[in-house]
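Chemist: Sharing a structure, written as structure tokens. Questions coming.
The values are calculated or read from the model by the stated rules, or taken from the named source; none is laboratory data. Computed from a prediction, not measured in an experiment: that's the story for all the values here. Positions of Cβ are backbone-derived with ideal geometry, glycine not excepted, and every protein chain shown enters the neighbour counts.
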Number of protein chains: 2
Amino acid sequence: MTIKAAIIEKHYRIGEFAAKTGLSGPTLRYYEKEGLVKPHRSDNGLRYYTDADADWIKFLLHLKGTGMTIEQLKQYVTWRAEGDATITKRLQLLKNVRRGFLQEFEELQHSMTILTDKIDWYQGKVDGHISDNEDFANYLASLNHEE
Amino acid sequence: MTIKAAIIEKHYRIGEFAAKTGLSGPTLRYYEKEGLVKPHRSDNGLRYYTDADADWIKFLLHLKGTGMTIEQLKQYVTWRAEGDATITKRLQLLKNVRRGFLQEFEELQHSMTILTDKIDWYQGKVDGHISDNEDFANYLASLNHEE
DNA sequence: ACATTAGTTAAAGCCGACTTTAACTCATAG
DNA sequence: CTATGAGTTAAAGTCGGCTTTAACTAATGT
């Protein structure tokens, strides 16, 4: 006797799916118009999305979070639709994205250092253990921090 | 005999200053209109900037780099112009900025992890040590990485 | 003296990424 | 059967952060 699991794929209509993904309905329609996501349609013509679509949106948002624009995402999606022949292209694109992101990341870390230094400097002024005439440039220099 | 160093403060006109700061001339004028920077004027009416202005711009760009908007920067500048009475306000503002930035930073790190996992997964497919039917969700699960 | 390059202003334009509007249809509880 | 809430479309609007344009004046090299 064969056991056959009847896995019923859950259908999410746009409102529920919007809540699930954190995007708005209009944003989902916008992404669809840009070709980033392809929801399905039930017989009555209403969109529905699945858990697989949710996974895809999550991944998409991570890529977006690394600084990819909608245009770049479209390119990725286009290649994805073309199948395995474009895997190296996609790999190369993602590597380029990572390179840019790492660079940006270092700048963010530097800005973070400067921000923290400034906070410490203000705190020192408030607490009175940095003298009134010590300016921020000197303070940075004393920490060997640039800019 | 008193030695008096005649320190001549270098004046940068907008073009030179733009090159120095990496901003464009129009952007410098825009920042001025928004009250973020106050260049000086020579007798002929032309703007000039100093090294102190450059330091200020650099700091401003770091704040901007942490996600502060022009409006928030304006608030900071306004308080700065009001003098020491607003130091605690500025300190509080910068601490809030840091809190938001740290949060954003963690999300960026997570996106980075997912991006790298995807790159490794593609690389595995290309190199043939990840089987054709291993999907990315499984691969993430195997790494104990979420989403 | 004059051509070229740099600076001046106010106002309009642009771009990406959505959001809002308008005018409509569909779904469903009472 | 009808009120209400959700979904449909295409098109226009918004917003932040500049950039471009237009019409002009100032500075500088030959």
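Chemist: Restricted to the stretch B:102-147, and to residues that are within 10 Å of chain A (Cβ to nearest Cβ) and polar (S, T, N, Q), which residue is farthest from A:T116 (Cα to Cα)?
Modeler: Top of the filtered list is B:Q123.
Chemist: What is the one condition in (1) out of contact with any His (no Cβ under 9 Å at 6 or more places or on another chain); (2) more than 19 Å from B:I119 (Cβ to Cβ); (3) away from DNA strand C (no atom under 16 Å from the Cβ); (4) not in a loop (DSSP other than H, G, I, E, B) that A:A85 does not satisfy?
Modeler: (2)
Chemist: Could you check the stretch A:23-43 and list, in sequence order, the residues that are in a loop (DSSP other than H, G, I, E, B) and either in the same structural domain as A:N96 (by TED's automatic domain parsing) or touching a helix residue (DSSP H, G or I) at 6+ places or on another chain (Cβ under 8 Å) (or both)?
Modeler: Residues of the stretch A:23-43 that are in a loop (DSSP other than H, G, I, E, B), as a first pass: A:23-24, A:34-39, A:42-43.
Within the stretch A:23-43, A:L23, A:S24, A:E34, A:G35, A:L36, A:V37, A:K38, A:P39 qualify.
Chemist: Please enumerate the residues belonging to the stretch B:96-146 that are under 33 Å from the mean Cα position of the chain (by Cα) and assigned to a loop (DSSP other than H, G, I, E, B).
Modeler: Those that are under 33 Å from the mean Cα position of the chain (by Cα) and assigned to a loop (DSSP other than H, G, I, E, B): B:H145, B:E146.
Chemist: Filtering the stretch A:44-75 down to residues that are in a loop (DSSP other than H, G, I, E, B) and within 12 Å of DNA strand D (Cβ to nearest atom), which residue is surrounded by the most Cβ atoms within 10 Å (Cβ to Cβ)?
Modeler: Applying the filter and picking the extreme gives A:L46.
Chemist: Here's a follow-up. Kindly evaluate B:F105 against the criterion of being within 16 Å of DNA strand D (Cβ to nearest atom), surrounded by 15 or more Cβ atoms within 10 Å (Cβ to Cβ), of a type outside the set (A, V, I, L, M) and under 30 Å from B:L140 (Cβ atoms). Even if it seems obvious, please write down each step before you answer.
Modeler: Working: within 16 Å of DNA strand D (Cβ to nearest atom): no; surrounded by 15 or more Cβ atoms within 10 Å (Cβ to Cβ): yes; of a type outside the set (A, V, I, L, M): yes; under 30 Å from B:L140 (Cβ atoms): yes.
Criteria not met by B:F105.
Chemist: Can I ask one more? Determine which single condition A:P39 fails, assuming it passes every other condition in (1) closer than 29 Å to B:E106 by Cα; (2) surrounded by 14 or more Cβ atoms within 10 Å (Cβ to Cβ).
Modeler: (1)
Chemist: For the stretch A:47-102, how many residues meet the condition of being among the aromatic types (F, W, Y) and at positive phi?
Modeler: Keep residues of the stretch A:47-102 that are among the aromatic types (F, W, Y), which gives A:48-49, A:56, A:59, A:76, A:79, A:101.
When the remaining residues are screened for being at positive phi, the result is none.
Number of matching residues: 0.
Chemist: Still on this structure: Any chance you could count how many residues in the stretch B:101-132 are touching a Gly at 6+ places or on another chain (Cβ under 7 Å), touching a residue at least 12 places away in the same chain (Cβ under 8 Å) and more than 30 Å from A:H110 (Cβ to Cβ)?
Modeler: Narrowing the stretch B:101-132 to residues touching a Gly at 6+ places or on another chain (Cβ under 7 Å): B:101, B:104, B:107-108, B:111, B:130.
Cutting the leftovers down to touching a residue at least 12 places away in the same chain (Cβ under 8 Å) gives us B:101, B:104.
Adding the requirement that they be more than 30 Å from A:H110 (Cβ to Cβ) leaves none.
Residues flagged as touching a Gly at 6+ places or on another chain (Cβ under 7 Å), touching a residue at least 12 places away in the same chain (Cβ under 8 Å) and more than 30 Å from A:H110 (Cβ to Cβ) within the stretch B:101-132 amount to 0.
Chemist: Does A:G45 fit the bill of being within 16 Å of the chain's Cα centre (by Cα), within 11 Å of DNA strand C (Cβ to nearest atom) and either away from every other protein chain (no Cβ under 14 Å) or of a type outside the set (V, I, T) (or both)? Reasoning before the result, please.
Modeler: On the way: within 16 Å of the chain's Cα centre (by Cα): no; within 11 Å of DNA strand C (Cβ to nearest atom): yes; either away from every other protein chain (no Cβ under 14 Å) or of a type outside the set (V, I, T) (or both): yes.
Criteria not met by A:G45.
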